[in-house]
Amino acid sequence: MLLGVALGLGAGADAQPGNLDCAISLDSSDRVYSHAMEVDDDGNVLLGGVFRGTVDFDPGPGVVEIVGDTDLVGTEGEYRQGYIAKYDDSGALRFVRTVTGFGNVYVEGIATAHNDDLLVYGQFETFPVGAGEELDFDPGIAVYHVSSLNTFSMFLLRLNPSGNFVSMQTWTTGVSQGIGTINDLVLDPQGNIYLHGIYETGGTFDADPGPGVTMLPVPLEDDGFLIKLDSEGQFVYAYTVNGTYDQRVEVVRIHPNGNAYVLGAFSGTVDFDPGAGVANLVGAPDNSQDSIYLVQLDGAGNFLSANFLAESQASSNCHALGADFDVFGNFYVCGAVLGDADFDSSAGTVILSGNPIDRLAFVVKLDSGLALQYGHVFEPTGYCRFWDLEATPEGSVYLSGEFEDTVDFDPGTNEANLTSPGTPSSRDGVLLRLNADGSYNYAFNLESDTSGSVDLVDLDRRQRLRFVATYSGSADADPNSVNGYPLTAGGTQDCVLVKLDPEPVPPVPNVPQVLRTAPVSYFNLVYPVFEVEFSEEVTGVDPTDFVVSGSTGASVVGVLPKPGTPNTYQLAIALTPTEGEYVRLSLVDDDTILSTATSQPLGGTGAGNGSFDDGRGILIKSQGVDVDAGNLEYAFALAAQGIQTCHRTS
């Protein structure tokens with residue numbers, strides 16, 4: 001089965017995913033999910049998640065089967081077990097560790113600490129009915145038994161680089177059947193740890209896992225929290241979002257300047273300043289309409305600002321699910337929107353319209369001052385949602401998610417339709433790439449005939465793309481090959497980790513050389529001429545693309561394709577001749593000169609990266625008097641005889 005691929009038009013015409021490098025399929029007798037993926041600098045990948053039944057974690061010819069505790073059955077059926085698996089850059093299994101026992105363990109994420117320890121986080125619950133009926137969080141021979149006393153508790157498990165137990169910290173709401181969940185963990189450049197999540201109505205907990213006590217407010221509904229620990233796990237601060245209705249912390253990212261960007265959903269009136277000040281945002285007056293807030297905190301947890309990222313309109317609902325920064329400080333956010341929402345945090349209004357019946361995927365880009373640069377909603381006949389987002393250094397974005405029916409993933413005027421191959425209500429996984437300006441690059445889907453989702457996406461330091469997908473029935477892990485990489489789920493739901501080679505870079509036009517040719521005569525006037533040779537046929541070449549220097553008042557007065565040579569243009573220069581001057585030509589790239597074949601701009605996307613300066617010129621010499629014309633006649637001698645190579649200036 002060939003994976004569905006929709007390639008872009010215009011600037012992305014030749015864009016395509018990289019070729020399949022390797023795929024690691026985790027096959028189960030029941031189900032296996034991967035909620036976490038971490039890629040280190042050496043290309044090693046850590047996966048973490050949940051499984052039931054038997055799973056073979058070795059993608060090679062060997063078999064490393066882990067058998068879940070299928071004989072342990074709790075009040076809600078068979079228990080779910082947590083796992084952490086490490087694979088090297090080639091896809092070979094290095095180790096797999098599990099957390100098992102009488103209860104459910106949800107491994108939600110993994111991060112690599114500053115000392116290369118593994119930080120594994122999530123939540124667990126136990127239903128002890130006798131001695132020893134607990135969970136063992138030590139994956140080795142020793143034991144580290146923990147019980148949550150019929151409530152969801154949150155954990156941060158630290159393993160060494162080999163996957164062996166180091167320490168564990170837990171947080172418990174203390175309310176029977178209460179739920180506390182850690183949604184994500186991020187690190188800043190100093191290795192400080194930021195945990196965020198929600199805790200339910202009536203429960204509270206001590207945010208300080210050490211000897212100190214920092215009790216969080218008791219929520220009226222679900223409240224969101226952010227806890228900062230130092231690199232050794234010592235408590236630094238806690239921040240909560242409290243109000244009359246549900247207030248969630250959904251995404252946290254750390255700006256290069258050390259400030260925390262906190263995103264979440266809220267309704268009603270909420271004061272986001274935990275100090276003596278007041279920073280109210282007024283959302284919808286009930287739980288049926290959620291807006292998205294964006295709060296900034298400094299490194300010490302001091303409040304800086306609160307703004308709407310998306311302000312819900314009548315009967316709308318918005319949630320942030322992923323975010324990232326590029327190297328320029330631009331901020332990208334993806335998620336889901338139901339109905340209409342205003343995504344402009346300034347005095348203006350930019351309404352993104354969603355389906356009033358089901359949630360649709362959105363993505364927005366904010367500049368470093370939080371001004372909206374672009375916003376897109378992707379509307380199918382049913383449902384679409386983005387789960388994760390990864391930005392490249394220059395600002396392209398990868399979005400992973402799921403959709404139903406048919407969706408046009410090109411936000412522009414062209415179409416890039418993908419169709420879920422299952423029943424009209426079945427979901428399929430999708431991975432979308434957008435260019436830095438928000439235009440379409442490419443998209444592909446899993447072609448899962450039952451259900452599928454691309455849950456996680458990441459880039460390693462060599463810009464190789466990895467994604468994790470879950471699927472039922474059959475699917476395909478290869479976005480390019482005619483033969484594909486067919487997958488068949490052994491149980492109810494399986495997952496696959498896919499690594500792609502770096503994407504092929506479409507050729508971009510450039511200027512290999514500028515020639516100085518003999519002058520030409522038009523209407524008894526003599527003009528020096530430059531010939532600008534491009535590496536391929538281009539369009540959009542006009543006088544505004546060039547700057548003439550070296551002679552007062554000189555300018556380009558004519559730009560014509562050279563007959564018989566479509567990739568070369570002749571430029572006539574008007575000037576007031578002055579003895580001994582050089583006329584020099586520079587090309588100033590503003591992305592208006594485009595490849596005829598691919599529409600790629602000169603030098604690639606980005607003004608200035610195709611600019612060229614010849615570095616040499618045409619020398620003006622006096623030759624005497626033309627009696628007939630009554631004008632001084634000049635000859636234009638070629639400086640530095642012969643063809644000279646043009647030198648890049650940026």
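Before we move on, is residue 310 at pLDDT 95 or above and open to solvent by less than 10 Å² (accessible area, probe 1.4 Å)? So residue 310 fails the test. Restricting the stretch 181-208 to residues that are in contact (Cβ under 8 Å) with a residue 60 or more places away in the chain and among the hydroxyl-bearing types (Ser, Thr, Tyr), the residue that is least open to solvent (accessible area, probe 1.4 Å) is 194. Residues of the stretch 142-161 that are assigned to a loop (DSSP other than H, G, I, E, B), open to solvent by 20 Å² or more (accessible area, probe 1.4 Å) and modelled with pLDDT of 70 or more: 142, 143, 144, 147, 152, 160, 161. Restricting attention to the stretch 209-253, report how many residues are open to solvent by 30 Å² or more (accessible area, probe 1.4 Å), among the hydrophobic types (A, V, I, L, M, F, W, C), more than 18 Å from residue 281 (Cβ to Cβ) and assigned to a loop (DSSP other than H, G, I, E, B). Going through the stretch 209-253 one residue at a time, the tally reaches 2. Listed conditions (1) among the small types (Gly, Ala, Ser); (2) touching a residue at least 40 places away in the same chain (Cβ under 8 Å); (3) part of a strand (DSSP E or B) are all met by residue 305, apart from (2).
Restricted to the stretch 33-74, the set of strands (runs of 3 or more DSSP E) holding at least 2 residues that are open to solvent by 50 Å² or more (accessible area, probe 1.4 Å) and either at pLDDT 85 or above or not small (Gly, Ala, Ser) (or both) comprises 65-67.
Being at pLDDT 80 or above, within 24 Å of residue 507 (Cβ to Cβ) and either among the basic types (Lys, Arg) or assigned to a strand (DSSP E or B) (or both): is that true of residue 535 here? No, not satisfied.
Cβ separations smaller than 6 Å between residues 6+ apart or across chains give the following pairs from the stretch 103-114 residues that are under 13 Å from residue 193 (Cβ atoms) and modelled with pLDDT under 95 to residues that are open to solvent by less than 10 Å² (accessible area, probe 1.4 Å) and in a loop (DSSP other than H, G, I, E, B): 114/191. On the stretch given as the stretch 412-427, residues that are open to solvent by less than 20 Å² (accessible area, probe 1.4 Å) and part of a strand (DSSP E or B) total 1.
Give 430, 407 a once-over and let me know the one that is in contact (Cβ under 8 Å) with a residue 24 or more places away in the chain, buried (at least 24 other Cβ atoms within 10 Å of the Cβ), more than 16 Å from the chain's Cα centre (by Cα) and in a strand (DSSP E or B).
Answer to the check: 407.
Of everything listed in (1) modelled with pLDDT of 80 or more; (2) surrounded by fewer than 14 Cβ atoms within 10 Å (Cβ to Cβ), the single unmet condition for residue 132 is (1).
Within the stretch 284-293, being at pLDDT 80 or above and open to solvent by 20 Å² or more (accessible area, probe 1.4 Å) holds for one residue alone: 289.
The values are calculated or read from the model by the stated rules, or taken from the named source; none is laboratory data. Keep in mind that this is a model prediction, so the values were computed, not measured. Every residue, glycine among them, receives a Cβ derived from its backbone with ideal geometry; neighbour counts consider all protein chains shown. SASA here: full protein model, heavy atoms, side chains in, ligands and nucleic acids out. Shrake-Rupley method; radii C 1.70, N 1.55, O 1.52, S 1.80 Å.
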